[in-house]
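Chemist: Here it is, the structure, as structure tokens.
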């Protein structure tokens, strides 16, 4: 008896599924072919293509590499080196050796990208600096490290900008 019941119920399910598919197909054709301009938005593909082609200038002055580097920096480096790269992250006070202050121009005059790449990828111990600087070479890709370096190269400029903004706000509060 159970076999007869399953065979009995399999046909209507198949018929119902077939009718349901047919109804959906008719509905898609009927409603999908409506070309009235009042219900559909017109898309200007030319402006989208122009934006992708680079006709429109980005509002952010950072390059794409620097933007990616900023995201990696915010995730991995900020806790020790701080928001502005001044070595004042919230873990900095727990470290025996203070983290590098990237806003110092003198630092940037004495180091090149390859040295910085080595420090980031192999850690501070690899270049006879603090052993507390971890080796990120197994965590970050080569491109991510290069992006972080590109972002770090902007930190002296950011520090100057922040100092100018602080001075301006102090002058406004004093007036």
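Chemist: When only alpha-carbon atoms are used, what values of Rg and Dmax, in angstrom, describe the range 64-166?
Modeler: Considering the range 64-166 through its Cα atoms, Rg and Dmax are 12.9, 39 Å.
Chemist: Next question. What distance in nm separates the simple spin-label points at residue 113 and residue 172, each placed 7 Å from Cα in the Cβ direction?
Modeler: 3.7
Chemist: Starting with the fewest neighbours, write out 118, 173 ranked by other beta-carbon atoms found within 10 Å of each beta-carbon.
Modeler: Neighbour counts put them in this order, fewest first: 173, 118.
Chemist: With an 8 Å cut-off on Cα pairs and a minimum separation of 6 or more residues, tell me the relative contact order of the range 64-166 in percent.
Modeler: On the way: 129 pairs, mean separation 33.2, N = 103.
Once normalised by length, the contact order is 32 percent.
Chemist: Of 138, 81, how do they rank once you tally other Cβ atoms within 10 Å and put the fewest first? Walk me through the intermediate numbers first.
Modeler: Numbers: 138 7, 81 25.
So the ranking, lowest neighbour count to highest, is 138, 81.
Chemist: Cut-off is 10 Å between beta-carbons; in what order do 79, 120 appear when sorted fewest neighbours first?
Modeler: Working: 79 14, 120 24.
In order of increasing Cβ crowding within 10 Å: 79, 120.
Chemist: Between the alpha-carbon centers of the range 76-93 and the range 99-175, tell me the distance in whole angstrom.
Modeler: 10
A short reminder: the numbers here are calculations on the coordinates, not readings from a lab. Remember, it's a predicted structure, so these values are computed and weren't measured experimentally. Positions of Cβ are backbone-derived with ideal geometry, glycine not excepted, and every protein chain shown enters the neighbour counts.
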